[in-house]
Amino acid sequence: MTDFAVIGIEHLHVFELVNGLVDTGAHDVAYAGDDGPLLDLYAGWRSDVPRRTPEEILDDPLVDLVVLAGVPSKRADTAIAALTAGKAVLSDKPGVTTVEQLEAVTAAAGRAGRPWWVLFSERFTNRAVIEAVRRAHRGEIGRVVDVVGMGPHSLMADGRPEWFWDPGRSGGILVDIGSHQVDQFCAIVDPDVAHDITVTSASVGNVDCADHPQMQDVGRVTLAGAGAVGSHRVDYLTAEGLGTWGDVRLMITGTEGTLEVRANIDPTGADGGEHLIQIDGSGTHRIDCSTVAVDWPARLLTDLERGTDEFLPAAHVHRVCRLTLEAQTNATPWPT
């Protein structure tokens, strides 16, 4: 059984990461984080797990895996410290916020011979996305030539921490939430990291956050490679009346059909989330994704046990981080 600990509790994704690992048989033995409402919520949820300092966690020889969900700009330093201490690392996205951090973490993982994973969770936790990617790989819509990804979010300003409003600490909108869409494009069109994927355009802006002038509440990036184009938009413009935090969508177009995901909600009225519609030569099909396995924790723990690199290959993680950093760094201003 794998013993793991959490360092940094600054995003709700930490609950998803920990829950997945615990449900798959891993044992959470400690957590560390700064005082605040989210840490209080976590402490109440894992009331039988002790709070310790980061140094105590990294010095504990029984901890084999460290889960990171702290302030994004600080995750790289913690990852390097954990890798240097001989730990495997699972980071919430974004794993890094600068190119320098990416190269430093990659080098640390290489020296340690331990994995550094960044879980771009949308592709691994939403059953409709999981199944859409699987069907695209099976060739059910022919050769993939175009991918459209949209990641709209609700701003929920009253509940956001201070670092959220600062691109220097969050990484910026494309590095943060745009990483989901970049991950999906790369995984769909080139899962073996065999082709060059490039950023052809990117833009970011602040269109509705006058109280936080540095905030980026909208962003767009276009990617190309492996015979396909990917167009992706992320924002914090979701209206309160939607009923969920965002109408996340994925459209995969192939030479013989399309796959469309509505990850969180079907505005036409079907209940719940995780909706997948396939259109091919035989007709239009609404795919039942309720039995699709969310198996990322088992795959991660298997890699950890065997020393393999199959669940989320290091080359893929590095490429997604590099592309999002490039897009963020070179983004042009949103039209005003």
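Over the range 186-243, the pair-distance histogram of Cα-Cα distances with 10 Å bins from zero comes to 21, 34, 26, 17, 2 percent, rounded to whole numbers.
Think of it as helices only: each DSSP H run of n ≥ 4 in the chain is worth -39500 (n - 2.57), and spread over all residues that comes to -10000 deg cm²/dmol at 222 nm.
Assuming a viscosity of 0.692 mPa s and a temperature of 37 °C, what translational diffusion coefficient in µm² per second does Stokes-Einstein assign to the range 3-119, Rh being the Kirkwood radius over Cα pairs?
Working: Rh = 13.9 Å.
Roughly 236 µm²/s, to the nearest whole number.
DSSP beta bridges fully contained in the chain are about 60 percent antiparallel. Loop-located GluC sites (Glu not before Pro) in the range 241-317 (DSSP state other than H, G, I, E, B) with a sparse environment of at most 16 neighbouring Cβ atoms within 10 Å: E256, E310.
Can you tell me the 0 to 90 degree angle between the C-alpha axis of helix 72-84 and the longest principal axis of the chain, rounded to 10? In the chain, helix 72-84 runs at an angle near 60 degrees to the longest axis. Look at H195, H13 and count the other Cβ atoms within 10 Å of each Cβ; fewest to most, that gives H195, H13. State whether the range 80-191 is rounded, prolate or oblate according to the following rule on the C-alpha gyration tensor (a ≥ b ≥ c being the square roots of its eigenvalues): a/c under 1.5 gives rounded; otherwise a/b larger than b/c gives prolate, and the remaining case gives oblate. Because a/c hits 1.5 or more and a/b fails to exceed b/c, the range 80-191 counts as oblate. As I understand it, the value is the acute angle between the Cα axis of helix 127-137 and the longest principal axis of the Cα atoms of the chain; what does it come to in degrees, rounded to 10? Helix 127-137 sits at roughly 60 degrees to that axis.
This ranking places F185, F311 by how few other beta-carbon atoms lie within 10 Å of each, fewest first, which gives F311, F185.
What net charge is computed for the residues neighbouring G225, neighbours being all others with C-beta under 11 Å from the C-beta of G225, Lys and Arg scored +1, Asp and Glu -1? Neighbourhood net charge equals -1.
Determine the shape class of the range 165-290: with a ≥ b ≥ c the square roots of the Cα gyration tensor eigenvalues, call it rounded for a/c under 1.5, and otherwise prolate if a/b is greater than b/c, oblate otherwise.
Judged from the Cα gyration tensor, the range 165-290 comes out oblate (a/c at least 1.5, b/c at or above a/b).
The GNM of the chain, with springs linking C-alpha atoms under 10 angstrom apart, assigns the highest mean-square fluctuation among G269, G95, G281 to G269. Between P54, P297, P37, the Gaussian network model of the chain with springs among Cα atoms under 10 angstrom shows the greatest mean-square fluctuation at P37. What separates the Cα centres of the range 300-336 and the range 117-135 is a distance of 14 Å. Over all distinct Cα pairs, what is the inverse of the mean 1/r for the range 138-204, reported as the Kirkwood hydrodynamic radius in Å? Taking the inverse mean of 1/r over all distinct Cα pairs, the range 138-204 comes out at 14.5 Å.
Against the empirical 2.2 N^0.38 Å (N residues), the chain has a Cα radius of gyration ratio of 0.97. Computed from backbone phi, the HN-Hα couplings of the range 217-226 come to 10, 8, x, 9, 9, 10, 10, 8, x, 6 Hz, rounded to whole numbers (Karplus: 6.51 cos²θ - 1.76 cosθ + 1.60, θ = phi - 60°; Gly and Pro given as x). When the Gaussian network model of the chain links Cα atoms closer than 10 Å, the mean-square fluctuations of S231, S47, S170 top out at S47.
FYI, it's all coordinate maths here, none of it is from the lab. None of the values given here were measured: they were computed from a predicted structure. Reconstructed Cβ throughout: ideal geometry from the backbone, glycine too, with neighbour counts over all protein chains shown.
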